[in-house]
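Report on one structure; see the data block that follows.
The values are calculated or read from the model by the stated rules, or taken from the named source; none is laboratory data. Every value quoted in this text rests on a predicted model; they were computed, and no experiment measured them. Neighbour counts are summed over all protein chains in view; Cβ atoms, including those assigned to glycine, are modelled from backbone coordinates with ideal geometry. The protein model used for the area step is the full one, side chains on, heavy atoms only, and it has no ligands, DNA or RNA in it. Shrake-Rupley method; radii C 1.70, N 1.55, O 1.52, S 1.80 Å.
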Amino acid sequence: MSTRTGESMRKASFLIGALVSLAILTGCRQDAAIEHSPTPVRTAEVRLMDAGTSNTYSANIQPYQQVDLSFKSNGYLASIKQVKDADGHMRNLDIGDYVTQGTVLATVQQDDYKDKLSQANASLERSQAEYERAKLQYDRITKLYAAGAATKPDLDDVTAQLASTSAAVANSKAQISEAQIALGYCELKAPFSGWVLKRSVDVGSLVGPTTNGFTLADTHSVKAVFGIPDTAIGNVKLGNKQSVTTEALPGNFVGHITSISAAADPKSRVYSVEVRIDNPQNELKAGMIGTIVLGGRRPNAKVLVVPQDVTLGDTYGNNIAVLTGLSAGERVVTSGANMIRAGEMVRVIQ
């Protein structure tokens, strides 16, 4: 190998080594540049905003007491209570009429039940007469037995006869009581004062224990029934005062929370709440729609945001309330937060 050829090879080796070193150096510089390049993020300024602290719910106004009245005696309906119409004419009691407690709303034909009562009274008279004869015989034999003029079997016979006739008297009295009750059940009476919501019978209708004659509602007190999600359950408590408004009537109606369901409805997943409201003037009608406002939902989420904890509240459109951990004027990362770590440099972009 010539000297010139060896020098050429040494120069080539040196050049290759230099290029490799330059490439490694350039690569390190690029890695360093990539490693320390600020991560682009978008931010937003924390600001105060009146988002409201209450939630509105729709409530159904219902009678606090409502009952379907059925007959206990079988038979044909003989009469329905008569009331005066607006023009002064008499008519059958009907929807919208007010009745007081104890009012006879309708009457079943009583002839059969009166006959049964008469039969029971006649049976009692016979049983009473037989008992009186048995009692006289018992008293006579008892005296004879004491004087030794009657035997023990004679005394046993009159004793048994007296017991039998006494039982017959008691049975007759029970039949009378039963007949009187059945006769009384021919009259369907109002168990409390209230408004007739429904009438399902007419004179001549065949009625019985399964026949619903009237639906009666007491609206001296009403209840506003509404449903709330589990996130609002902390805003209601038994006994708390609660205002109710309606579109149909002016002003507020104040009541108290009297019932909170122990379990959510399996379909709607809401808890039923009832507010009892005194309604002496009958202003609130069954079926009205009310509006109830409750305090806002309590915070129930807490997330970690570098470098500190914040407590989140409700969401309002595209915004979310931050209850603790931030102050107005501070900026928070809204886009790109998943690409940064604590201590990294960031570049804010528009």
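Figure legend. Inter-residue proximity from segment 228-245: first residues on the phi < 0 side of the Ramachandran plot, second residues part of a helix (DSSP H, G or I) and not acidic (Asp, Glu), beta-carbon distance below 8 Å, spacing 6+ or different chains. Indicated pairs: Ile228/Asn235. Inside segment 132-184, residues that are open to solvent by 80 Å² or more (accessible area, probe 1.4 Å) and polar (S, T, N, Q) make up a count of 3.
Set side by side, the residues Gly255, Gly213, Gly296, Gly227 differ, and just one is open to solvent by less than 70 Å² (accessible area, probe 1.4 Å), of a type outside the set (A, V, I, L, M, F, W, C), in contact with an Asp or Glu (Cβ under 9 Å, 6 or more places away or on another chain) and modelled with pLDDT under 90, which is Gly296. Here Ala150 fits the description: in contact with a helix residue (DSSP H, G or I) (Cβ under 7 Å, 6 or more places away or on another chain) and not in a helix (DSSP H, G or I).
Of all positions in segment 160-183, none carries a residue that is modelled with pLDDT of 95 or more, in a loop (DSSP other than H, G, I, E, B) and among the hydroxyl-bearing types (Ser, Thr, Tyr).
Of the residues making up segment 188-200, none is open to solvent by less than 50 Å² (accessible area, probe 1.4 Å) and farther than 16 Å from Leu105 by Cβ. The test for being modelled with pLDDT under 95 and hydrophobic (A, V, I, L, M, F, W, C) does not hold for Leu124. Just so you know, in segment 201-210 the residues that are open to solvent by less than 10 Å² (accessible area, probe 1.4 Å) and assigned to a loop (DSSP other than H, G, I, E, B) include one that is nearest to Gln281 (Cα to Cα), and it is Val201.
Under the condition of being over 30 Å from Ala328 (Cβ atoms), open to solvent by 40 Å² or more (accessible area, probe 1.4 Å) and at pLDDT 80 or above, the residues counted in segment 27-81 number 15. Cβ-Cβ under 8 Å, sequence separation 6+ or interchain: first residue in segment 99-110 and part of a loop (DSSP other than H, G, I, E, B), partner polar (S, T, N, Q). Which pairs? Pairs found: Thr100/Ser193; Gln101/Ser193.
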